[in-house]
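Rule-based calculations on the coordinates, nothing more; no lab input. The structure displayed is predicted, hence computed values, not measured ones. Neighbour counts are summed over all protein chains in view; Cβ atoms, including those assigned to glycine, are modelled from backbone coordinates with ideal geometry.
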Amino acid sequence: MTVWELRHTTLADSVLEPMLTQLAHEYFTRYGDATEIHRYPADEFARPHGALLVLLEHGRAVAGGAFRRYDTTTAEVKRMWTHADHRRRGLGKRILAELEAEAVARGYRRVYLTTGWRQPEAAALYESAGYTPLPSHVDEASGVRLLPFEKALA
């Protein structure tokens, strides 16, 4: 029997080590640089304006994601991740839905997010979850072409 736990946490939580390590590896493998993982201070993903969620299966991190304040009505989703051994199980969509619910509870009315052009599976996830694609642009800090999305929250 699978034992699931959805944990609200912080970047200091050691359970996130696989998530952060694999995210850095993904960024480096796809874009040649992993500095994005350290781009925002940890407190931006903490209450009252942010959140960081991790889904544990039998105590091990299998999926996670976060949001930070983008503006007074918009949460920006960041750090979406599913463990490589657990992809294609709907866990990313589950984390995204949990982040959206938490954003609504915090008073946000819109979600904004970006993914890189070398992450078509992420773009497909966001579109399947009802996000609207916005015009792409190049991130000045990294030089990566970003694919932005938005979604109004109920």
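Fully extending the segment from Arg30 to Val138, taken as 0.36 nm per residue of separation minus the present Cα-Cα distance, adds 37.3 nm. Would you mind counting up the charge near Arg110? Only other residues with Cβ under 11 Å from its Cβ, with Lys and Arg at +1 and Asp and Glu at -1. With Lys, Arg at +1 and Asp, Glu at -1, the neighbours total -2.
Peptides 78-84, 144-150 ranked from most to least packed, by the mean per-residue count of other Cβ atoms within 10 Å: 78-84, 144-150.
A simple rule links phi to the HN-Hα coupling: the Karplus curve 6.51 cos²θ - 1.76 cosθ + 1.60 with θ = phi - 60°, which for region 78-90 gives 9, 6, 5, 8, 10, 3, 4, 7, 10, 6, 6, 10, x Hz, with x for Gly and Pro.
For Trp117, the residues 5 or more places off, or on other chains, whose built amide H falls under 5 Å of its own are Arg145, Leu147. When you count the other C-beta atoms within 10 angstrom of each residue and take the mean per peptide, 58-68, 114-124 line up highest first as 58-68, 114-124. Around the amide H of Met80, modelled in the peptide plane, lie the amide H atoms of Ala66, all under 5 Å away and 5 or more residues distant in sequence or on another chain. Each residue of region 138-154 is assigned a 3J(HN,Hα), and the resulting list reads 9, 6, 4, 5, 9, x, 8, 6, 9, 10, x, 9, 9, 8, 6, 9, 6 Hz, derived from the Karplus form 6.51 cos²θ - 1.76 cosθ + 1.60 (θ = phi - 60°), x at Gly and Pro. Backbone geometry of region 67-74 corresponds, through the Karplus equation with coefficients 6.51, -1.76 and 1.60 at θ = phi - 60°, to 3J(HN,Hα) couplings of 9, 9, 6, 9, 8, 5, 10, 10 Hz, x marking Gly and Pro.
Note on Arg88 and Leu153: the model spin-label points, each 7 Å out from Cα along the C-beta direction, lie 3.2 nm apart. How would region 55-139 be classified by its alpha-carbon gyration tensor: rounded, prolate or oblate, with rounded meaning a/c under 1.5 and the a/b versus b/c comparison settling the rest? Oblate. Near His86, within a Cβ-to-Cβ distance under 13 Å, what is the net charge of the other residues, with Lys and Arg +1 and Asp and Glu -1? It works out to a net charge of +4. The calculated 222 nm mean residue ellipticity attributable to helices in the chain amounts to -8000 deg cm²/dmol, summing -39500 (n - 2.57) over DSSP H runs of n ≥ 4 and dividing by all residues.
Proximity of backbone amide H atoms, modeled 1.01 Å from N, is registered between Ala63 and Leu55, His83 at under 5 Å, excluding neighbours fewer than 5 places apart on the same chain.
The length gained by stretching the chain between Arg109 and Ala97 to full extension, at 0.36 nm per residue less their Cα-Cα distance, is 2.9 nm.
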